[in-house]
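The block underneath contains the structure these notes are about, expressed in structure tokens.
The values are calculated or read from the model by the stated rules, or taken from the named source; none is laboratory data. In this text, all values refer to a predicted model and were calculated from it rather than measured experimentally. Quick reminder, even Gly has a Cβ in these numbers, built from the backbone with ideal geometry, and neighbours come from all protein chains shown.
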Amino acid sequence: MNKNIKLAVAGAVLALSATAANAGIIIPAGDWTIDIGGNINAFVTETRKSGTATGNLWGYSAFMAGTNAAGSRNTGNITTGLLPNYLSVSGSTRQNDLDVAFTISIQPGASTTASGIQSLGGGGNNQENRQAFMTFGDKSWGSIKLGKDLGIFASDAILNDMTLLGVGSGAGGLAGNDTTLGRIGSGFMYADWKAQAAYTTPNFNGFQATVGLTQAWNAKGTGSATNTDRAGAGFAYEGKASYSFAANDVTGKIWVSGISQNLKNTDGSARSSETATAGDIGANLNFAGFGLTGYYYAGEGIGQTVQFNGGLDLTGKTRDSNGGYVQATYVLPTKTKVGLSWGQSNLDRNSGDAGLTGDVKDEMWTLGAYHPLTKHLNVVAEYSDVKSEYGTAHGKGRTGSLGAIMFF
């Protein structure tokens, strides 16, 4: 199984160690070792949505009931969870004193919301291609990655989120897509999948660091006609450092990461260049069946939920963002893991935001149970209660889900 799927399982601290360590389908092929792995998951979900108009919100409320939708309604879906269905092919070999490897993956959706033939645009089903990268290096000096993979900033936040093996938020508004939101936008920014050139150091007794250039992105501004242009921005600069430790029955990890990218307002008479920056810190600790995770991030111009979304005000100036989450899990004698988590993301209003009524705040509680039926198959039940506020406007969503996730 490729590295990011392993990290997703182990980082979520949900599956049994046998599942987390399980490799995919290994095939020797001449000089190469081919690893075919992935997962299948699907959930039955019921979401009750309520609130006032949500058209000006950037966070979870954008997915509550559609733009400017108000009132209450229930929505039932059968959908993929936060971790999409995955089929990954990886290969590795040792050549000329270099460890050489590649990964290519596809993510087919498991949800349909419309009738029709998909080849003609019907069916309401999406497919992604999240990974296509190569690595080369040696344990003595590190490794280099070129291609598309999980972003560097905020990557550990999502890999340690317990909803990674479940649904979290978004089930009521994202059916027909490849994934729900989990805790994205209500505790951390989405790391996303980015074209990158990155270097990772060797592992120095638990300490490891990664620095890289990632593709600069266009971004959505505060108003409907306000955008930013990546042209002339160069690259985004991302990096992270972590320290993993183990002592007797206690294991843990501490990490920090950051990002910086230039943003340029290209609409209206106000034209300005700003630099978006953000940083985070997190820690995970496991002992005697307990797991504890804490995380915090803050930035300027980073926006809300999706990186740079809403990061500039109506005059092209950066807006402040911050948020974080706390999470506690416990493995019962039945090997069922239960967890409770809370998180919140905030996007502040600027003095230049004339006509906007207030700050954005998205908050979510999640209670989950994750039971391994086999070393490959986990049954998952979750309940999430999310609340979004924007001045006097507000939205709520309560989602119950039951389903399963299988790794191979």
- [ ] Inspect all residues belonging to segment 281-301 and state whether any of them is closer than 25 Å to S388 by Cβ and not in a strand (DSSP E or B).
- [x] yes
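Only one of Y370, Y390 is hydroxyl-bearing (S, T, Y), over 19 Å from the mean Cα position of the chain (by Cα) and modelled with pLDDT of 95 or more. Can you tell me which?
Details: Y390 fails: modelled with pLDDT of 95 or more.
From the options Y370, Y390, the qualifying one is Y370.
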- [ ] Could you please tell me which pairs satisfy a Cβ distance under 8 Å, a separation of 6+ or placement on different chains, a first residue in segment 287-306 that is free of Cβ contacts under 8 Å to residues at least 40 places away in the same chain, and a second residue that is among the aromatic types (F, W, Y) and assigned to a strand (DSSP E or B)?
- [x] G294/Y325
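Out of the residues in segment 21-48 that are assigned to a strand (DSSP E or B) and of a type in the set (D, E), state the one that is modelled with the highest pLDDT. Can you show your working first?
Our first condition is that a residue be assigned to a strand (DSSP E or B); within segment 21-48, this holds for 25-29, 32-48.
Now drop any that are not of a type in the set (D, E), which leaves 35, 46.
Details: D35: 94, E46: 91.
Out of the qualifying residues, it is D35.
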Task: Pair list, Cβ < 7 Å and 6+ apart or interchain, from segment 151-168 residues that are assigned to a loop (DSSP other than H, G, I, E, B) to residues that are among the aromatic types (F, W, Y) and surrounded by 24 or more Cβ atoms within 10 Å (Cβ to Cβ) - done: A154/F188; A154/Y297; V167/F43
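Confirm whether H371 is under 19 Å from P333 (Cα atoms) and touching a strand residue (DSSP E or B) at 6+ places or on another chain (Cβ under 9 Å).
On the way: under 19 Å from P333 (Cα atoms): yes; touching a strand residue (DSSP E or B) at 6+ places or on another chain (Cβ under 9 Å): yes.
Yes, satisfied.
Quick one: would you say L174 is under 27 Å from S111 (Cα atoms), among the aliphatic types (A, V, I, L, M), crowded, with 24+ Cβ neighbours inside 10 Å and at pLDDT below 95? Spell out the reasoning first.
Values: under 27 Å from S111 (Cα atoms): yes; among the aliphatic types (A, V, I, L, M): yes; crowded, with 24+ Cβ neighbours inside 10 Å: no; at pLDDT below 95: yes.
In short, no.
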Task: D385 of a type in the set (D, E, K, R) and within 30 Å of Q261 (Cβ to Cβ) - done: no
TODO: List every residue pair whose Cβ atoms sit under 6 Å apart, with the two residues 6 or more apart in sequence or on different chains, where the first one lies in segment 212-223 and is within 12 Å of N262 (Cα to Cα) and assigned to a loop (DSSP other than H, G, I, E, B) and the second, anywhere, is at pLDDT 70 or above and of a type outside the set (F, W, Y).
DONE: A216/A236; A216/Q261
